Amino acid sequence: LCTLDGIGELQVELIETALSDKHPAVRRQAVRLSEGRDVNTTVLASLRDDSDAKVRLQLACSLGECDGPEVGHSLAALAMGGADESFITAAVMSSVNPRNITDILDSVISVQRDSHVPPHVLNLFFAQAAAVGDQGAIGSVFERVLTDGSEEIEAWRLDALATILDTLARRRWDVNKLLAPPIRKRLDSAIQRARSLAGEDSTARAIRISAVPLLLRSPKSMQTDLQTLGDLLVPQTHTDLQKAIVTHAGSRGDAEIATLMLDGWSAHGPELRGQILGALSGRPQWVGALLDRMQSGDVVPADLDASARQRLLATRDKALLKRLEKSLEITTTEDRERAINEYRSALTLKGDLERGAVAFEKHCSQCHKHGDVGYEVGPNLTSLTSTQPDALLTAILDPSQAVPAKYVNYVIITARGRSLSGILAAETGSSITLAEGEGKKRTILRKDIDELQSTGKSLMPDGIEKDLSVQDLADVIAYVRAMQNAAKK
(Lines give C-alpha, C1' and ligand atoms only; values in the text may rest on other atoms or scores of the structure.)
Protein backbone atom coordinates (compact mmCIF):
# COMPACT_ATOMS: atom_id res chain seq x y z
CA LEU A 1 0.00 0.00 0.00
CA CYS A 2 2.70 2.47 1.02
CA THR A 3 4.89 1.62 -1.99
CA LEU A 4 1.99 2.07 -4.39
CA ASP A 5 1.19 5.37 -2.70
CA GLY A 6 4.82 6.44 -3.09
CA ILE A 7 4.80 5.87 -6.85
CA GLY A 8 1.34 7.38 -7.30
CA GLU A 9 -0.39 4.14 -8.26
CA LEU A 10 -2.59 3.51 -5.22
CA GLN A 11 -6.25 3.14 -6.21
CA VAL A 12 -9.25 3.90 -3.99
CA GLU A 13 -10.66 0.42 -4.57
CA LEU A 14 -7.53 -1.18 -3.11
CA ILE A 15 -7.70 1.08 -0.02
CA GLU A 16 -11.34 0.08 0.57
CA THR A 17 -10.40 -3.59 0.25
CA ALA A 18 -7.51 -3.13 2.68
CA LEU A 19 -9.84 -1.53 5.23
CA SER A 20 -11.30 -5.02 5.74
CA ASP A 21 -7.97 -6.87 5.82
CA LYS A 22 -7.53 -9.41 8.61
CA HIS A 23 -4.25 -7.83 9.76
CA PRO A 24 -4.66 -4.67 11.91
CA ALA A 25 -1.45 -3.09 10.57
CA VAL A 26 -2.85 -3.25 7.02
CA ARG A 27 -6.15 -1.75 8.15
CA ARG A 28 -4.30 1.02 9.98
CA GLN A 29 -2.22 1.97 6.92
CA ALA A 30 -5.34 1.89 4.77
CA VAL A 31 -7.05 4.34 7.13
CA ARG A 32 -4.05 6.68 6.99
CA LEU A 33 -3.83 6.50 3.19
CA SER A 34 -7.54 7.24 2.82
CA GLU A 35 -6.86 10.88 3.73
CA GLY A 36 -7.41 13.18 0.77
CA ARG A 37 -8.98 10.43 -1.34
CA ASP A 38 -12.59 9.73 -2.24
CA VAL A 39 -12.91 6.67 -0.02
CA ASN A 40 -16.38 5.50 1.00
CA THR A 41 -16.82 7.15 4.41
CA THR A 42 -19.36 4.55 5.51
CA VAL A 43 -16.77 1.78 5.09
CA LEU A 44 -14.16 3.93 6.82
CA ALA A 45 -16.46 4.85 9.71
CA SER A 46 -17.30 1.19 10.34
CA LEU A 47 -13.81 0.79 11.82
CA ARG A 48 -14.78 2.86 14.87
CA ASP A 49 -15.52 -0.46 16.62
CA ASP A 50 -12.30 -2.12 15.43
CA SER A 51 -10.75 -4.50 17.95
CA ASP A 52 -7.29 -2.95 17.51
CA ALA A 53 -6.57 0.27 19.46
CA LYS A 54 -4.01 1.48 16.90
CA VAL A 55 -6.56 1.23 14.12
CA ARG A 56 -9.05 3.24 16.18
CA LEU A 57 -6.33 5.80 16.99
CA GLN A 58 -5.47 6.26 13.31
CA LEU A 59 -9.16 6.51 12.44
CA ALA A 60 -9.60 9.26 15.05
CA CYS A 61 -6.71 11.16 13.44
CA SER A 62 -7.85 10.65 9.86
CA LEU A 63 -11.60 11.27 10.06
CA GLY A 64 -11.03 15.01 10.32
CA GLU A 65 -10.02 14.95 6.65
CA CYS A 66 -13.36 13.46 5.61
CA ASP A 67 -16.87 14.86 5.19
CA GLY A 68 -20.30 13.37 5.76
CA PRO A 69 -22.67 12.75 8.68
CA GLU A 70 -20.98 9.42 9.45
CA VAL A 71 -17.79 11.31 10.30
CA GLY A 72 -19.28 13.28 13.18
CA HIS A 73 -21.12 10.27 14.57
CA SER A 74 -17.98 8.12 14.38
CA LEU A 75 -15.78 10.70 16.09
CA ALA A 76 -18.32 10.99 18.90
CA ALA A 77 -18.46 7.18 19.24
CA LEU A 78 -14.66 6.91 19.30
CA ALA A 79 -14.40 9.52 22.06
CA MET A 80 -17.14 8.00 24.18
CA GLY A 81 -15.86 4.47 23.68
CA GLY A 82 -12.29 5.52 24.47
CA ALA A 83 -13.07 7.86 27.35
CA ASP A 84 -10.26 6.28 29.40
CA GLU A 85 -7.77 6.30 26.51
CA SER A 86 -6.18 9.74 26.49
CA PHE A 87 -4.44 9.27 23.12
CA ILE A 88 -7.68 8.44 21.33
CA THR A 89 -9.47 11.33 23.02
CA ALA A 90 -6.71 13.73 21.93
CA ALA A 91 -6.79 12.34 18.38
CA VAL A 92 -10.56 12.81 18.17
CA MET A 93 -10.27 16.41 19.36
CA SER A 94 -7.65 17.08 16.68
CA SER A 95 -10.20 16.04 14.05
CA VAL A 96 -12.99 18.34 15.26
CA ASN A 97 -13.66 21.15 12.77
CA PRO A 98 -16.53 23.46 11.74
CA ARG A 99 -17.70 20.92 9.13
CA ASN A 100 -18.32 18.09 11.60
CA ILE A 101 -18.89 19.71 14.99
CA THR A 102 -22.68 19.91 14.59
CA ASP A 103 -22.97 16.21 13.79
CA ILE A 104 -20.65 15.36 16.69
CA LEU A 105 -22.72 17.34 19.20
CA ASP A 106 -25.97 15.87 17.89
CA SER A 107 -24.55 12.38 18.52
CA VAL A 108 -23.18 13.23 21.95
CA ILE A 109 -26.38 14.93 23.12
CA SER A 110 -28.49 12.07 21.77
CA VAL A 111 -26.43 9.55 23.74
CA GLN A 112 -26.47 11.81 26.82
CA ARG A 113 -30.27 11.68 26.93
CA ASP A 114 -30.25 7.88 27.23
CA SER A 115 -27.03 7.22 29.12
CA HIS A 116 -24.21 9.04 30.85
CA VAL A 117 -21.38 10.44 28.74
CA PRO A 118 -18.20 10.95 30.83
CA PRO A 119 -18.20 14.65 31.87
CA HIS A 120 -14.62 15.28 30.75
CA VAL A 121 -15.39 14.01 27.24
CA LEU A 122 -18.61 16.02 27.04
CA ASN A 123 -16.89 19.23 28.14
CA LEU A 124 -13.94 18.64 25.82
CA PHE A 125 -16.32 18.55 22.87
CA PHE A 126 -18.08 21.73 23.91
CA ALA A 127 -14.78 23.51 24.52
CA GLN A 128 -13.47 22.36 21.15
CA ALA A 129 -16.70 23.43 19.46
CA ALA A 130 -16.30 26.94 20.84
CA ALA A 131 -12.62 27.00 19.88
CA VAL A 132 -12.88 25.85 16.26
CA GLY A 133 -16.36 26.96 15.30
CA ASP A 134 -17.27 29.97 13.21
CA GLN A 135 -20.15 32.28 14.14
CA GLY A 136 -22.76 29.97 12.68
CA ALA A 137 -21.33 26.86 14.31
CA ILE A 138 -21.09 28.51 17.72
CA GLY A 139 -24.69 29.70 17.50
CA SER A 140 -25.65 26.14 16.63
CA VAL A 141 -23.78 24.84 19.67
CA PHE A 142 -25.66 27.18 21.99
CA GLU A 143 -28.97 26.16 20.42
CA ARG A 144 -28.27 22.51 21.20
CA VAL A 145 -27.33 23.17 24.82
CA LEU A 146 -29.94 25.74 25.80
CA THR A 147 -33.44 24.61 26.78
CA ASP A 148 -36.59 26.55 25.97
CA GLY A 149 -37.07 27.34 29.66
CA SER A 150 -39.92 24.93 30.28
CA GLU A 151 -37.80 21.78 30.53
CA GLU A 152 -36.20 20.53 33.71
CA ILE A 153 -32.60 21.69 33.62
CA GLU A 154 -29.80 19.13 33.66
CA ALA A 155 -26.36 19.48 35.21
CA TRP A 156 -24.56 18.64 31.96
CA ARG A 157 -26.23 21.57 30.18
CA LEU A 158 -25.06 23.98 32.87
CA ASP A 159 -21.54 22.52 32.71
CA ALA A 160 -21.55 22.80 28.91
CA LEU A 161 -22.63 26.46 28.98
CA ALA A 162 -19.88 27.34 31.43
CA THR A 163 -17.29 25.48 29.34
CA ILE A 164 -18.35 27.23 26.13
CA LEU A 165 -18.40 30.67 27.76
CA ASP A 166 -14.96 30.10 29.32
CA THR A 167 -13.50 29.03 25.96
CA LEU A 168 -14.95 32.04 24.16
CA ALA A 169 -13.65 34.35 26.90
CA ARG A 170 -10.13 32.93 26.56
CA ARG A 171 -10.30 33.63 22.83
CA ARG A 172 -11.66 37.11 23.60
CA TRP A 173 -14.77 36.54 21.50
CA ASP A 174 -17.74 38.71 22.39
CA VAL A 175 -20.82 36.54 22.96
CA ASN A 176 -23.12 39.50 22.26
CA LYS A 177 -21.68 39.82 18.76
CA LEU A 178 -21.57 36.08 18.06
CA LEU A 179 -25.15 35.20 18.96
CA ALA A 180 -28.37 36.21 17.29
CA PRO A 181 -30.73 38.11 19.64
CA PRO A 182 -33.10 35.15 20.24
CA ILE A 183 -30.22 32.87 21.27
CA ARG A 184 -28.69 35.63 23.42
CA LYS A 185 -32.03 36.02 25.18
CA ARG A 186 -32.21 32.28 25.90
CA LEU A 187 -28.66 32.37 27.26
CA ASP A 188 -29.51 35.26 29.59
CA SER A 189 -32.55 33.32 30.82
CA ALA A 190 -30.39 30.23 31.46
CA ILE A 191 -27.90 32.26 33.50
CA GLN A 192 -30.72 33.84 35.50
CA ARG A 193 -32.12 30.38 36.12
CA ALA A 194 -28.70 29.15 37.25
CA ARG A 195 -28.53 32.06 39.68
CA SER A 196 -31.77 30.92 41.29
CA LEU A 197 -30.80 27.24 41.33
CA ALA A 198 -27.47 27.91 43.03
CA GLY A 199 -29.18 29.58 45.98
CA GLU A 200 -32.07 27.14 46.42
CA ASP A 201 -31.61 24.63 49.25
CA SER A 202 -34.29 22.39 47.74
CA THR A 203 -32.33 21.93 44.48
CA ALA A 204 -30.19 18.82 44.05
CA ARG A 205 -26.59 19.48 45.06
CA ALA A 206 -25.18 18.37 41.68
CA ILE A 207 -27.36 20.95 39.93
CA ARG A 208 -26.32 23.70 42.36
CA ILE A 209 -22.64 22.87 41.87
CA SER A 210 -23.06 23.02 38.08
CA ALA A 211 -24.99 26.30 38.33
CA VAL A 212 -22.24 28.13 40.24
CA PRO A 213 -19.82 28.57 37.26
CA LEU A 214 -22.47 30.58 35.36
CA LEU A 215 -22.38 33.35 37.95
CA LEU A 216 -19.98 36.32 38.21
CA ARG A 217 -19.96 36.79 34.44
CA SER A 218 -21.63 40.18 34.04
CA PRO A 219 -20.77 43.53 35.68
CA LYS A 220 -24.51 44.25 35.91
CA SER A 221 -25.18 41.21 38.10
CA MET A 222 -21.83 41.11 39.91
CA GLN A 223 -23.07 42.41 43.26
CA THR A 224 -26.10 40.11 43.21
CA ASP A 225 -23.92 37.10 42.40
CA LEU A 226 -21.40 38.00 45.09
CA GLN A 227 -24.21 38.17 47.62
CA THR A 228 -25.64 34.83 46.49
CA LEU A 229 -22.27 33.07 46.71
CA GLY A 230 -21.28 34.83 49.92
CA ASP A 231 -24.45 33.54 51.59
CA LEU A 232 -23.38 30.01 50.60
CA LEU A 233 -19.80 30.21 51.90
CA VAL A 234 -20.92 29.28 55.39
CA PRO A 235 -20.51 26.13 57.53
CA GLN A 236 -24.13 25.15 56.91
CA THR A 237 -23.44 24.65 53.18
CA HIS A 238 -22.17 21.27 51.93
CA THR A 239 -18.39 21.33 51.48
CA ASP A 240 -18.60 20.26 47.82
CA LEU A 241 -20.69 23.33 47.01
CA GLN A 242 -18.34 25.61 48.95
CA LYS A 243 -15.36 24.18 47.07
CA ALA A 244 -17.14 24.72 43.75
CA ILE A 245 -17.71 28.38 44.68
CA VAL A 246 -14.06 28.96 45.56
CA THR A 247 -12.88 27.16 42.40
CA HIS A 248 -15.09 29.29 40.17
CA ALA A 249 -14.48 32.55 42.01
CA GLY A 250 -10.75 31.92 41.85
CA SER A 251 -10.91 31.72 38.06
CA ARG A 252 -12.35 35.23 37.80
CA GLY A 253 -10.27 38.41 37.94
CA ASP A 254 -12.56 40.83 39.78
CA ALA A 255 -11.19 42.70 42.80
CA GLU A 256 -14.31 41.93 44.86
CA ILE A 257 -13.60 38.18 44.78
CA ALA A 258 -11.05 38.50 47.58
CA THR A 259 -13.69 40.02 49.83
CA LEU A 260 -16.10 37.18 49.00
CA MET A 261 -13.55 34.54 50.03
CA LEU A 262 -12.17 36.30 53.10
CA ASP A 263 -15.32 37.62 54.76
CA GLY A 264 -16.15 34.28 56.37
CA TRP A 265 -12.55 33.31 57.10
CA SER A 266 -13.02 32.60 60.81
CA ALA A 267 -15.76 30.05 60.04
CA HIS A 268 -13.88 28.17 57.30
CA GLY A 269 -12.21 24.84 58.00
CA PRO A 270 -8.56 24.06 57.17
CA GLU A 271 -9.31 22.42 53.80
CA LEU A 272 -11.42 25.31 52.52
CA ARG A 273 -8.91 27.83 53.86
CA GLY A 274 -6.16 26.07 51.94
CA GLN A 275 -8.21 26.23 48.75
CA ILE A 276 -8.95 29.93 49.32
CA LEU A 277 -5.28 30.73 49.90
CA GLY A 278 -4.38 28.85 46.73
CA ALA A 279 -6.86 30.99 44.78
CA LEU A 280 -5.80 34.28 46.39
CA SER A 281 -2.11 33.64 45.71
CA GLY A 282 -2.81 33.72 41.96
CA ARG A 283 -3.46 37.48 41.69
CA PRO A 284 -1.42 40.35 43.16
CA GLN A 285 -4.49 42.42 44.04
CA TRP A 286 -5.93 39.50 46.00
CA VAL A 287 -2.65 38.94 47.83
CA GLY A 288 -2.81 42.62 48.79
CA ALA A 289 -6.34 42.12 50.16
CA LEU A 290 -5.13 39.13 52.19
CA LEU A 291 -2.29 41.21 53.64
CA ASP A 292 -4.79 43.92 54.59
CA ARG A 293 -6.79 41.29 56.50
CA MET A 294 -3.61 40.10 58.21
CA GLN A 295 -2.82 43.66 59.19
CA SER A 296 -6.29 44.09 60.69
CA GLY A 297 -5.98 40.78 62.56
CA ASP A 298 -8.81 38.98 60.71
CA VAL A 299 -6.22 36.52 59.37
CA VAL A 300 -3.19 35.58 61.45
CA PRO A 301 0.13 34.13 60.18
CA ALA A 302 -0.58 30.88 62.01
CA ASP A 303 -3.54 30.32 59.64
CA LEU A 304 -1.06 29.85 56.77
CA ASP A 305 0.83 26.58 56.56
CA ALA A 306 4.23 26.25 54.87
CA SER A 307 2.75 25.41 51.45
CA ALA A 308 0.47 28.46 51.51
CA ARG A 309 3.36 30.70 52.49
CA GLN A 310 5.46 29.33 49.62
CA ARG A 311 2.70 29.97 47.08
CA LEU A 312 2.23 33.53 48.28
CA LEU A 313 5.96 34.24 48.21
CA ALA A 314 6.06 33.22 44.53
CA THR A 315 4.70 36.68 43.63
CA ARG A 316 6.84 38.78 41.28
CA ASP A 317 5.56 42.02 42.83
CA LYS A 318 8.47 43.35 44.92
CA ALA A 319 6.28 45.60 47.07
CA LEU A 320 3.96 42.69 47.90
CA LEU A 321 6.92 40.42 48.56
CA LYS A 322 8.31 42.89 51.07
CA ARG A 323 4.95 43.11 52.85
CA LEU A 324 4.64 39.31 52.87
CA GLU A 325 8.08 38.79 54.35
CA LYS A 326 7.27 41.26 57.09
CA SER A 327 3.81 39.86 57.84
CA LEU A 328 4.91 36.23 57.76
CA GLU A 329 8.20 36.87 59.54
CA ILE A 330 10.00 35.01 56.79
CA THR A 331 13.56 34.00 57.53
CA THR A 332 16.31 34.45 54.95
CA THR A 333 18.06 31.59 53.18
CA GLU A 334 21.04 31.67 55.52
CA ASP A 335 18.71 31.12 58.46
CA ARG A 336 18.05 27.57 57.24
CA GLU A 337 21.24 26.52 58.99
CA ARG A 338 20.01 28.12 62.19
CA ALA A 339 16.72 26.21 61.92
CA ILE A 340 18.61 22.95 61.40
CA ASN A 341 20.70 23.59 64.48
CA GLU A 342 17.64 24.50 66.55
CA TYR A 343 15.91 21.24 65.58
CA ARG A 344 18.96 18.99 65.73
CA SER A 345 17.85 17.78 69.16
CA ALA A 346 15.09 15.85 67.33
CA LEU A 347 17.81 13.35 66.38
CA THR A 348 18.22 12.39 70.03
CA LEU A 349 14.50 11.85 70.68
CA LYS A 350 12.63 8.58 70.27
CA GLY A 351 10.11 8.94 67.47
CA ASP A 352 6.57 7.61 67.68
CA LEU A 353 5.48 5.91 64.45
CA GLU A 354 1.75 6.52 64.89
CA ARG A 355 2.21 10.22 65.58
CA GLY A 356 4.70 10.36 62.71
CA ALA A 357 2.13 8.89 60.32
CA VAL A 358 -0.38 11.56 61.34
CA ALA A 359 2.17 14.37 60.96
CA PHE A 360 3.31 13.01 57.58
CA GLU A 361 -0.23 12.89 56.22
CA LYS A 362 -0.94 16.41 57.46
CA HIS A 363 2.25 18.20 56.41
CA CYS A 364 3.98 16.08 53.75
CA SER A 365 1.48 13.95 51.85
CA GLN A 366 0.32 16.78 49.57
CA CYS A 367 3.55 16.38 47.58
CA HIS A 368 5.17 13.12 48.70
CA LYS A 369 3.99 9.55 48.34
CA HIS A 370 5.17 7.05 50.89
CA GLY A 371 3.69 3.59 50.45
CA ASP A 372 -0.03 4.07 49.85
CA VAL A 373 -0.16 7.48 51.51
CA GLY A 374 0.07 10.82 49.69
CA TYR A 375 0.61 12.14 46.15
CA GLU A 376 3.66 11.64 43.95
CA VAL A 377 4.44 15.24 43.03
CA GLY A 378 7.88 15.38 44.64
CA PRO A 379 10.20 12.36 45.02
CA ASN A 380 8.66 9.08 46.17
CA LEU A 381 10.15 8.61 49.63
CA THR A 382 10.37 4.84 49.32
CA SER A 383 13.16 5.41 46.77
CA LEU A 384 15.35 7.61 48.98
CA THR A 385 19.03 6.80 48.68
CA SER A 386 19.76 7.93 52.24
CA THR A 387 17.47 7.66 55.25
CA GLN A 388 20.07 8.62 57.81
CA PRO A 389 18.37 10.84 60.43
CA ASP A 390 20.78 13.73 59.83
CA ALA A 391 20.14 13.66 56.06
CA LEU A 392 16.37 13.59 56.58
CA LEU A 393 16.59 16.51 59.00
CA THR A 394 18.41 18.62 56.41
CA ALA A 395 16.08 17.57 53.58
CA ILE A 396 13.00 18.59 55.59
CA LEU A 397 14.28 21.91 56.93
CA ASP A 398 16.36 23.01 53.92
CA PRO A 399 14.66 21.33 50.94
CA SER A 400 16.28 23.59 48.34
CA GLN A 401 19.85 22.76 49.36
CA ALA A 402 20.19 19.97 46.79
CA VAL A 403 16.98 19.86 44.75
CA PRO A 404 17.05 17.78 41.52
CA ALA A 405 16.28 19.79 38.38
CA LYS A 406 13.00 17.93 37.75
CA TYR A 407 11.65 19.08 41.12
CA VAL A 408 12.53 22.77 40.84
CA ASN A 409 9.54 25.08 41.31
CA TYR A 410 8.44 27.32 38.42
CA VAL A 411 6.16 30.35 38.34
CA ILE A 412 3.95 31.18 35.36
CA ILE A 413 2.34 34.58 34.95
CA THR A 414 -0.54 34.32 32.47
CA ALA A 415 -1.49 36.95 29.93
CA ARG A 416 -4.49 37.72 32.13
CA GLY A 417 -2.32 38.42 35.17
CA ARG A 418 -2.78 35.18 37.08
CA SER A 419 0.17 33.64 38.92
CA LEU A 420 0.57 29.84 38.99
CA SER A 421 3.37 27.77 40.49
CA GLY A 422 4.47 24.14 40.47
CA ILE A 423 7.00 21.78 38.94
CA LEU A 424 7.09 21.20 35.18
CA ALA A 425 5.24 17.92 34.76
CA ALA A 426 5.08 18.01 30.96
CA GLU A 427 5.87 20.21 27.99
CA THR A 428 4.56 20.11 24.44
CA GLY A 429 5.02 22.45 21.52
CA SER A 430 1.85 24.30 22.48
CA SER A 431 1.47 23.92 26.25
CA ILE A 432 3.11 23.49 29.64
CA THR A 433 1.69 21.38 32.46
CA LEU A 434 2.41 22.31 36.07
CA ALA A 435 2.08 19.80 38.90
CA GLU A 436 0.87 21.25 42.18
CA GLY A 437 0.20 19.80 45.63
CA GLU A 438 -2.22 16.88 46.05
CA GLY A 439 -1.38 15.64 42.56
CA LYS A 440 -3.27 18.47 40.84
CA LYS A 441 -2.13 19.31 37.33
CA ARG A 442 -2.80 22.47 35.37
CA THR A 443 -2.11 22.86 31.63
CA ILE A 444 -1.46 26.33 30.23
CA LEU A 445 -1.25 27.09 26.53
CA ARG A 446 2.04 28.74 25.58
CA LYS A 447 0.21 31.57 23.85
CA ASP A 448 -1.44 32.39 27.20
CA ILE A 449 1.90 32.63 29.07
CA ASP A 450 3.25 36.10 29.72
CA GLU A 451 6.21 34.97 31.85
CA LEU A 452 7.78 31.65 32.87
CA GLN A 453 10.55 31.62 35.44
CA SER A 454 12.26 29.12 37.70
CA THR A 455 12.45 30.05 41.37
CA GLY A 456 15.57 27.91 41.74
CA LYS A 457 13.96 26.40 44.82
CA SER A 458 12.20 23.20 45.68
CA LEU A 459 8.42 22.94 45.50
CA MET A 460 8.68 21.87 49.13
CA PRO A 461 8.51 25.09 51.15
CA ASP A 462 11.06 26.55 53.52
CA GLY A 463 9.87 27.25 57.04
CA ILE A 464 8.01 24.02 57.68
CA GLU A 465 9.44 24.11 61.21
CA LYS A 466 6.80 26.73 61.99
CA ASP A 467 4.25 23.90 61.73
CA LEU A 468 6.26 21.20 63.54
CA SER A 469 7.60 20.85 67.07
CA VAL A 470 10.94 19.16 67.71
CA GLN A 471 9.06 16.02 68.78
CA ASP A 472 6.89 16.17 65.63
CA LEU A 473 10.03 16.19 63.51
CA ALA A 474 11.46 13.22 65.42
CA ASP A 475 8.19 11.34 64.81
CA VAL A 476 8.19 12.10 61.07
CA ILE A 477 11.81 11.00 60.67
CA ALA A 478 11.07 7.75 62.51
CA TYR A 479 8.00 7.13 60.34
CA VAL A 480 9.83 7.75 57.04
CA ARG A 481 12.73 5.50 58.06
CA ALA A 482 10.37 2.69 59.18
CA MET A 483 8.40 2.83 55.92
CA GLN A 484 11.57 2.87 53.83
CA ASN A 485 13.00 -0.13 55.69
CA ALA A 486 9.72 -2.01 55.23
CA ALA A 487 9.80 -1.27 51.49
CA LYS A 488 13.33 -2.72 51.22
CA LYS A 489 12.21 -5.93 52.88
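So here's what we get for this one:
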quantity	calculated
In degrees, nearest ten, helix 470-488 long axis to first principal axis of the chain (Cα)	50 degrees
Trypsin sites (Lys or Arg not before Pro) lying in DSSP loop within segment 161-243, provided at most 14 other Cβ fall within 10 Å	Arg171, Arg172
Longest exposed-site-free window of the chain, the sites being GluC sites (Glu not before Pro) in a DSSP loop that have at most 12 other C-beta atoms within 10 Å	335-489
³J(HN,Hα), Karplus 6.51/-1.76/1.60, whole Hz, each residue of segment 223-239, x for Gly, Pro	5, 5, 5, 4, 5, 4, 6, x, 5, 8, 7, 9, x, 6, 8, 4, 4
Set of lysines near Lys22 by C-alpha distance (under 29 Å), chain-local residues within fewer than 8 positions excluded	Lys54
Under 21 Å from the Cα of Lys220 - lysines, other chains or at least 8 residues apart	Lys177, Lys185
Nearest 10 degrees, 0 to 90: helix 53-62 Cα axis against the chain principal axis	70 degrees
Dipole moment magnitude, nearest 20 debye, the chain about Cα centre, only Lys, Arg, Asp, Glu C-beta charged	900 debye
Gain in span if fully extended, Glu152 to Ser189, counting 0.36 nm per residue against the direct Cα distance	12.0 nm
Calculated FRET efficiency for the pair Asp67/Thr224, C-beta based, R₀ 51 Å, to 0.05	0.65
Dipole of the chain, positive direction: furthest Cα of Thr228, Val287, Thr203, with charges on the beta-carbon	Val287
Accessible carbon and sulfur surface of the chain relative to its total accessible area, %, 1.4 Å	50 percent
Nearby lysines by direct alpha-carbon distance to Lys318 (threshold 26 angstrom, same-chain neighbours under 8 apart not counted)	Lys326, Lys447, Lys457, Lys466
Where the chain is the region considered: accessible area per residue in Å², 1.4 Å probe	49 Å²
Lys, Arg +1 and Asp, Glu -1 on Cβ, resulting dipole of segment 273-354 about Cα centre, debye, nearest 20	360 debye
222 nm mean residue ellipticity, helices alone, for the chain (DSSP H n ≥ 4; -39,500 (n - 2.57); rounded to 500)	-16500 deg cm²/dmol
Positive-pole candidate from Gly274, Val299, Gln310, dipole of segment 229-381, charges at beta carbon	Gln310
Angle between the chain longest axis and helix 353-363 axis [Cα atoms, degrees, rounded to 10]	60 degrees
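The values are calculated or read from the model by the stated rules, or taken from the named source; none is laboratory data. None of the values given here were measured: they were computed from a predicted structure. When we count neighbours, we look across all protein chains shown, and the Cβ atoms used for this are built from the backbone with ideal geometry, even at glycine. Each accessible area value is taken on the protein alone, full model and side chains, heavy atoms only, with ligands, DNA and RNA left out. Shrake-Rupley method; radii C 1.70, N 1.55, O 1.52, S 1.80 Å.
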